[in-house]
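Asker: Okay, here's the structure, questions in a sec.
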Amino acid sequence: MIGEVLKNTLTLSDACRITQTLRFNLMFKPIGSACNLKCSYCYYLDKAKMYGKESVMPYEILEKTIKEYLETNDSEEITFDWHGGEPLLLGLDYLKRIVELQNKYKGKKNVFNTIQTNATLMTPDFANFFHDNNFLVGVSIDGPQHIHDGYRKDKGGYPTFNKVMRGVELLHRYGVDFNTMTTINKAGEGRGLEVYDFLKRIGSHYMQFMPVLEYVDMSNGSICSPSSKGSVVAPWSVDAVEYGKFMCDIFDAWVKNDVGNYFVNLFDSTLANYCGHNPGTCVYSETCGANAVVEHNGDVYPCDHFVYPQYKLGNINESSLGEIVASNKMIEFGINKRNMLPDECLRCRFFSVCHGECPKHRFDSTSSNEKRLNSLCKGLKYFFSYVEPYMVEMRKLYFSGKSPSEIMLYDSIC
């Protein structure tokens with residue numbers, strides 16, 4: 001079996017990546033899971049159970065991590081990704097301290113900052129700071145009000161859409177660059193085009209779509225591992241095929257009118273894989289393990305979706321960041337994205353563009369009872385099959401020296 005051969009195997013590309021100079025991305029969680037909202041599908045709220053009462057990353061840990069991230073990373077351009085919870089809870093003075101520390105240690109390197117926020121706490125002062133310091137703001141919004149408010153409520157159970165839109169208006173007013181992060185959940189099924197048109201109307205030119213697939217404990221309703229006793233698929237989870245249809249509906253509009261003007265992460269990654277380039281996201285890469293996350297207390301994990309004790313790599317207070325991200329445990333985690341796939345995936349004609357998607361969704365079994373089949377597989381196949389002829393033509397355009405956007409001039413794709 002192919003999978004058995006791959007287990008504990010390094011490919012040439014694996015070896016090259018491991019032996020080359022250290023380049024990695026680091027997501028900072030200085031506020032932990034603390035948030036002013038209580039979204040039904042949030043996979044991060046349960047991290048408070050691991051750490052007890054949440055607190056802000058102390059300045060000494062912040063400084064050490066920023067310093068080592070800049071010094072260890074062998075790249076001239078370093079991006080800092082600030083996440084939560086809700087990072088605006090840090091306050092403006094804390095964000096100013098971040099910039100001061102970056103300027104202190106960056107040397108000749110170019111520093112970029114992104115921050116992911118629900119935008120409900122956005123103020124003119126925050127917006128002005130983000131503009132003046134060239135922060136790219138990611139806004140979490142699930143679509144128009146009747147979709148967004150389905151699962152994105154505050155801790156009192158009240159809807160949040162109007163507050164988010166006030167935040168978006170402030171970003172426009174102060175000229176802040178922003179993109180959008182949109183989950184695809186039960187409330188959005190069958191409404192892909194509606195969501196896409198809405199995001200365009202509010203000024204988003206860079207859109208990330210993330211399918212929601214979670215399990216909950218029937219006894220208390222909390223999100224849990226699918227292997228937990230009594231766990232069931234959460235009621236807000238998107239159906240696999242509906243996820244594929246959602247993205248196909250958006251693709252129809254995009255490929256006819258918006259190529260080169262509006263950017264959708266799944267479409268960009270798929271085309272990159274068709275052209276033999278880095279897809280730009282670990283989800284559709286052959287392996288992962290280059291996107292670590294540091295918690296507010298200095299704990300480091302290989303991925304934002306795997307902040308569990310068994311995956312902990314170390315702590316910034318006990319080991320250097322370079323040692324942690326270059327550890328065998330990190331390497332093994334990344335390579336297992338490919339090596340732990342069932343044979344059915346490895347033989348799939350879409351493997352080169354899908355690569356099994358994200359390990360966080362591998363809950364199912366194949367027809368031959370192999371485990372770790374992606375639970376979104378049917379939807380992924382639906383999407384990749386649908387877009388295949390368009391991707392082939394855009395690849396031809398690209399390799400002939402033309403822009404893939406010329407696909408919009410085609411009357412039809414046979």
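The values are calculated or read from the model by the stated rules, or taken from the named source; none is laboratory data. The structure presented is a predicted model; accordingly, all values stated were derived computationally and were not measured. Every residue, glycine as well, gets a Cβ built from its backbone with ideal geometry; the counts of neighbours run over all protein chains shown. The protein model used for the area step is the full one, side chains on, heavy atoms only, and it has no ligands, DNA or RNA in it. Shrake-Rupley method; radii C 1.70, N 1.55, O 1.52, S 1.80 Å.
Asker: If a residue must be open to solvent by 10 Å² or more (accessible area, probe 1.4 Å) and either closer than 13 Å to Leu121 by Cα or of a type in the set (Asp, Glu) (or both), how many such residues does the stretch 134-166 contain?
Answerer: 8
Asker: Sticking with this structure for a sec: Which pairs have Cβ atoms under 6 Å, sit 6 or more apart or on different chains, and link a residue in the stretch 386-414 that is open to solvent by 40 Å² or more (accessible area, probe 1.4 Å) and at pLDDT 95 or above to one that is outside any loop (DSSP other than H, G, I, E, B) and of a type in the set (Ser, Thr, Tyr)?
Answerer: That search, which allows pairs on different chains as well, returns Arg395/Tyr274.
Asker: Mind telling me which of the residues Glu169, Glu194 ends up being among the acidic types (Asp, Glu), without any contact (Cβ under 8 Å) to a residue 24 or more places away in the chain and either within 28 Å of Ile413 (Cα to Cα) or not in a strand (DSSP E or B) (or both)?
Answerer: Glu169
Asker: Being within 30 Å of Asn134 (Cβ to Cβ), surrounded by fewer than 19 Cβ atoms within 10 Å (Cβ to Cβ) and more than 20 Å from the chain's Cα centre (by Cα) narrows it down to one of Glu169, Glu194, so name that one.
Answerer: On inspection, the qualifying residue turns out to be Glu169.
Asker: Would you please list the contacts, defined by Cβ atoms under 8 Å and residues six or more apart or on different chains, that run from a residue in the stretch 311-325 that is free of Cβ contacts under 8 Å to residues at least 24 places away in the same chain to a residue that is assigned to a helix (DSSP H, G or I) and of a type outside the set (Gly, Ala, Ser)?
Answerer: Correct list of pairs: Tyr311/Phe333; Leu313/Ile324; Leu313/Val325; Leu313/Lys329; Leu313/Met330; Gly314/Glu323; Gly314/Ile324.
Asker: Here is a follow-up. Pairs only if they're at least six apart or on different chains, beta carbon under 9 angstrom, first in the stretch 259-271 and touching a residue at least 12 places away in the same chain (Cβ under 8 Å) and open to solvent by 10 Å² or more (accessible area, probe 1.4 Å), second assigned to a strand (DSSP E or B) and hydroxyl-bearing (Ser, Thr, Tyr); list them, first residue then second.
Answerer: Listed pairs, sorted by first residue: Tyr262/Tyr206; Phe263/Tyr206; Asn265/Tyr206.
Asker: Going by what's in this entry, would Val293 be described as in a strand (DSSP E or B) and free of Cβ contacts under 8 Å to residues at least 60 places away in the same chain?
Answerer: Considered against the rule, which asks whether it is in a strand (DSSP E or B) and free of Cβ contacts under 8 Å to residues at least 60 places away in the same chain, Val293 comes out as no.
Asker: Being buried (at least 20 other Cβ atoms within 10 Å of the Cβ), out of contact with any helix residue (DSSP H, G or I) (no Cβ under 6 Å at 6 or more places or on another chain), at pLDDT below 95 and not basic (Lys, Arg) is true for just one of Tyr41, Tyr51. Which residue is that?
Answerer: Tyr41
Asker: Does at least one position in the stretch 342-364 carry a residue that is buried (at least 16 other Cβ atoms within 10 Å of the Cβ), acidic (Asp, Glu) and more than 26 Å from Thr182 (Cα to Cα)?
Answerer: Checked the stretch 342-364: at least one residue is buried (at least 16 other Cβ atoms within 10 Å of the Cβ), acidic (Asp, Glu) and more than 26 Å from Thr182 (Cα to Cα).
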